[in-house]
1. Could you pull out the residue among Ile21, Ile44 that is out of contact with any helix residue (DSSP H, G or I) (no Cβ under 9 Å at 6 or more places or on another chain), at pLDDT 95 or above and buried (at least 16 other Cβ atoms within 10 Å of the Cβ)?
2. Where the second residue is more than 16 Å from the ligand (Cβ to nearest atom) and the first is among the polar types (S, T, N, Q) and lies in segment 35-57, which pairs have Cβ atoms under 7 Å and are six or more apart or on separate chains?
3. Looking at (1) touching a helix residue (DSSP H, G or I) at 6+ places or on another chain (Cβ under 9 Å); (2) over 19 Å from Gly100 (Cα atoms); (3) small (Gly, Ala, Ser), which one does Ala64 not meet, given that it meets all the others?
4. Restricting attention to segment 29-52, does a residue exist that is of a type in the set (Ser, Thr, Tyr) and within 16 Å of the ligand (Cβ to nearest atom)?
5. How many residues are within 16 Å of Val22 (Cβ to Cβ) and among the small types (Gly, Ala, Ser) if we restrict to segment 73-111?
6. Can you find a residue in segment 64-71 that is crowded, with 18+ Cβ neighbours inside 10 Å and of a type in the set (Gly, Ala, Ser)?
Amino acid sequence: MYLAGRLESVSLPYNQPMIHIVGVCPFCEVGSQAFRRCSDGTTIVVACNECSDVWMDPAYLDQAHVVVPDHRKLILPGTTLGLDGGAAGWATIEEIGRKGGARYITRSAER
Ligand SMILES: [Zn+2]
């Protein structure tokens, strides 16, 4: 099911070395659920850095609330939002804070 789209392998701007993690992915059970900025530069979601599954709200990170992107193109279903390309990247602590998500961070790590 998880064929491609390891976000960890995406080249990101050098000034964003950290990923801010909220949990362990309930699907692949090895990846971290971390805040990700979408290609529009403003939408912040939670994405697994291994299987690239997505959660739109950090308050609901269970299997029932998963959004599964096209794992080849990394586009969220029903949108034009990409997890890769454009302004996409791991969200900074400032971006997460502006969206009210900072309280969900359990740890931060170098990617
Ligand atoms: Zn995963």
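The values are calculated or read from the model by the stated rules, or taken from the named source; none is laboratory data. Owing to the predicted nature of the structure, the values given are computational and were not obtained by experimental measurement. Don't worry about glycine lacking a Cβ; one is built from the backbone with ideal geometry, like all the others, and counts go over all protein chains shown.
1. Details: Ile44 fails: out of contact with any helix residue (DSSP H, G or I) (no Cβ under 9 Å at 6 or more places or on another chain).
After ruling out the rest, the residue left standing is Ile21.
2. Final answer for the pair search is Ser39/Leu81; Ser39/Gly82; Ser39/Gly85; Ser39/Gly86; Ser39/Ala87; Ser39/Ala88; Thr43/Leu81.
3. Tallying (1) touching a helix residue (DSSP H, G or I) at 6+ places or on another chain (Cβ under 9 Å); (2) over 19 Å from Gly100 (Cα atoms); (3) small (Gly, Ala, Ser), Ala64 fails exactly one: (1).
4. Let us first name the residues in segment 29-52 that are of a type in the set (Ser, Thr, Tyr), namely 32, 39, 42-43, 52.
Next, from what is left, pick out any that are within 16 Å of the ligand (Cβ to nearest atom): 32, 52.
Yes - at least one qualifying residue is present in segment 29-52.
5. Of the residues in segment 73-111, 7 are within 16 Å of Val22 (Cβ to Cβ) and among the small types (Gly, Ala, Ser).
6. No, the conditions are met nowhere in segment 64-71.
Here is a yes/no grid of residues against (1) within 16 Å of the ligand (Cβ to nearest atom); (2) among the hydroxyl-bearing types (Ser, Thr, Tyr):
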residue	(1), (2)
Val24	yes, no
Val68	yes, no
Thr79	no, yes
Glu95	no, no
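Yes/no matrix, rows are residues, columns are (1) more than 12 Å from the chain's Cα centre (by Cα); (2) among the charged types (D, E, K, R); (3) not in a loop (DSSP other than H, G, I, E, B):
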{"residue": "Phe35", "(1), (2), (3)": "no, no, yes"}
{"residue": "Glu50", "(1), (2), (3)": "no, yes, no"}
{"residue": "Asp70", "(1), (2), (3)": "yes, yes, no"}
{"residue": "Gly100", "(1), (2), (3)": "yes, no, no"}
